[in-house]
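> Let me begin by handing over the structure; questions about it come next.
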Amino acid sequence: MDKADELVGVTEGVAAVPHPDPPVRRIRPWPPGARPRPWPPGAVPRPWPLGAALTLAAVLLLAGTPWLNHPAVQAWRTVCLAITVQALPFLLLGTALSGAINAFVPADLFTRVLPKRPALAVPVAGVAGAVLPGCECASVPVASSLIRRGVTPAAAFAFLLSAPAINPVVLTATAVAFPGDPAMVAARLLASLATAAVMGWLWLWLGKETWLRPLLRHRHTGHRHGHSRRTEFRLGFQHDFLHAGGFLVVGAMAAATFNVTVPGSVLDAFSGSPWLSVLFLAVLAVLLAVCSEADAFVAASLTGFSPTARLAFLVVGPMVDLKLIALQAGTFGRAFAWRFSTATTVVAVTASVLVGGALL
């Protein structure tokens, strides 16, 4: 028998049929420019912040143990609930706008409307923030959607900062809270616009897209042909709201804790010094997390502080507060949120001092 017969294994008229090798599953690489979907069609991820925050909130707000009925704890629950309820409608508005932009607006609309040069797009986007009638909770998801649609992040961040500070509702509330003092309204408008523009230009100079979440680094993720626009709107809205809602509750808890634990006598200790009063009210705006549509009335009540210090409260609050930091961390990433919020606070205080010194 020759070598070929030995290999085939032919015996007395019976052929030994070799077993075929198991099929090999070939994994095709993603084509250039493509990426996996963030979640399967029809499925929505369950972000951990929402479940954790709502579970903790339910325990602290609804549990019936005796120590939870202490007056301080009851005050904490009231403040936490008030901040959440106050911000929730604007968060709904922002996530609805974000979903609508992603599903219905052509992908290249914003890149065609804004100037081609990023340095010019930043102030234009800052002025455009006046068209969003909401607070900071609404601006975060909208800015995220703008970045995903191809808008340069610097312009989107300028819009994020200016929208809650210079929209008509906020400026009208400021005029009502400071009757007969149009200089305060003008100072708030100018200082907020200056802060938004400077932060956008700083991002162009020093910002790194590696600080952002990977999902935000992919551009033009709007409507895909063959998919229902209504379904895309529903899934985008549901995802953004569930994701941001948990961080909103976490921020509200932190702000409520400060409101309850810091005595009012601390305010009096800083009101006498011009410089310390500015810094103190800037930090107070971050910790109180008052909605931008109501913060003017809080600032007007701080009569022991100088007009420039109260202006710092009005400029810093809509741009940097605990719930906003939490929302930014959940939307853009923690690496971005801490850097951006720290730099924004410094720029906002500086702009408040310069504009307040000139106008107030």
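> Of the residues G94, G64, only one is modelled with pLDDT under 75, over 24 Å from L204 (Cα atoms) and touching a Cys at 6+ places or on another chain (Cβ under 7 Å); which?
On the way: G64 fails: touching a Cys at 6+ places or on another chain (Cβ under 7 Å).
Just a single option satisfies the conditions, and that option is G94.
> Restricting to the stretch 143-159, name every residue that is open to solvent by less than 10 Å² (accessible area, probe 1.4 Å) and either part of a helix (DSSP H, G or I) or at pLDDT below 80 (or both).
If the condition is that a residue be open to solvent by less than 10 Å² (accessible area, probe 1.4 Å) and either part of a helix (DSSP H, G or I) or at pLDDT below 80 (or both), then A143, S144, S145, I147, R149, P153, A154, A155, A156, F157, A158 are the ones that fit.
> Being closer than 24 Å to A177 by Cα and open to solvent by 60 Å² or more (accessible area, probe 1.4 Å) is true for just one of F313, F297, F305. Which residue is that? First the steps, then the outcome.
Details: F313 fails: open to solvent by 60 Å² or more (accessible area, probe 1.4 Å); F305 fails: open to solvent by 60 Å² or more (accessible area, probe 1.4 Å).
The match here is F297.
> Would you tally the residues in the stretch 259-289 being at negative phi, open to solvent by less than 70 Å² (accessible area, probe 1.4 Å) and in contact (Cβ under 8 Å) with a residue 40 or more places away in the chain?
Total meeting the criteria: 5.
> Yes or no: A348 in a helix (DSSP H, G or I) and either buried (at least 22 other Cβ atoms within 10 Å of the Cβ) or touching an Asp or Glu at 6+ places or on another chain (Cβ under 6 Å) (or both)?
Numbers: in a helix (DSSP H, G or I): yes; either buried (at least 22 other Cβ atoms within 10 Å of the Cβ) or touching an Asp or Glu at 6+ places or on another chain (Cβ under 6 Å) (or both): yes.
It is true that A348 is in a helix (DSSP H, G or I) and either buried (at least 22 other Cβ atoms within 10 Å of the Cβ) or touching an Asp or Glu at 6+ places or on another chain (Cβ under 6 Å) (or both).
> Residues that are within 17 Å of A187 (Cα to Cα) and of a type outside the set (F, W, Y), at least 1 per element: which helices (runs of 4 or more DSSP H) completely within the stretch 259-336 meet that?
Result: 274-288, 295-301, 307-316.
> Output yes when any residue across the stretch 125-139 is surrounded by 24 or more Cβ atoms within 10 Å (Cβ to Cβ), part of a helix (DSSP H, G or I) and modelled with pLDDT of 85 or more, and no when none is.
yes
> I'd like to verify a number: residues in the stretch 294-324 that are within 15 Å of the chain's Cα centre (by Cα) and acidic (D, E), how many?
Total meeting the criteria: 1.
The values are calculated or read from the model by the stated rules, or taken from the named source; none is laboratory data. In this text, all values refer to a predicted model and were calculated from it rather than measured experimentally. All Cβ positions, glycine included, derive from the backbone under ideal geometry; neighbour counts span all protein chains shown. The accessibility values were calculated without ligands, DNA or RNA, using every heavy atom of the protein model including side chains. Shrake-Rupley method; radii C 1.70, N 1.55, O 1.52, S 1.80 Å.
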